[in-house]
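Have a look at the structure below before the remarks.
The values are calculated or read from the model by the stated rules, or taken from the named source; none is laboratory data. The structure presented is a predicted model; accordingly, all values stated were derived computationally and were not measured. Methodologically, a virtual Cβ is constructed for each residue, glycine included, from the backbone with ideal geometry; neighbour enumeration extends over all protein chains shown. Keep in mind that these areas ignore ligands, DNA and RNA; they rest on the heavy atoms of the full protein, side chains included. Shrake-Rupley method; radii C 1.70, N 1.55, O 1.52, S 1.80 Å.
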Amino acid sequence: MLEFLIPAAHAEAEAGIAGGGAIGQIVMLVGFVVIFYFLLWRPQSKRAKEHKNLISNLAKGDEIVIGGGLVGRIIKVNEQFLTMELNEGNEVNVQKSAVAAVLPKGTIKSI
């Protein structure tokens, strides 16, 4: 009984879809690129820049945390590696890129 209405509804839907055009697709593509830039690329590059700055400023005597959660004091710094003292007599060689954060002085004593 309502079958005569279905073909008319399909014809109207197809006409609405085809009306978008290439300009609409270009605008959507540009919109996605802008969203990805502000939500993904820009913050990630900012974090990478901060981490690079942190690594370049490491010096002997700094108290650090590495990615695995170990806390220690730097006793020797090379180009790509550093030697970290966990406590008296325990030294560990660590890549500079593993450093997660530099702690304020005296943090190890308060732990």
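Structure summary
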read-out: Output for segment 73-99, where each listed residue is in a strand (DSSP E or B) and open to solvent by 60 Å² or more (accessible area, probe 1.4 Å); value: Arg73, Lys76, Phe81, Asn87, Asn90, Glu91, Asn93, Gln95
read-out: Identity of the residue in segment 54-72, in contact with a Lys or Arg (Cβ under 9 Å, 6 or more places away or on another chain) and not in a helix (DSSP H, G or I), that ends up most open to solvent (accessible area, probe 1.4 Å); value: Lys60
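To keep it simple, each residue is scored yes or no on (1) assigned to a helix (DSSP H, G or I); (2) at pLDDT below 95.
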residue	(1), (2)
Leu2	no, yes
Ala8	yes, yes
Ala11	yes, yes
Ala15	yes, yes
Gly24	yes, yes
Trp41	yes, yes
Lys46	yes, no
Lys49	yes, no
Lys52	yes, no
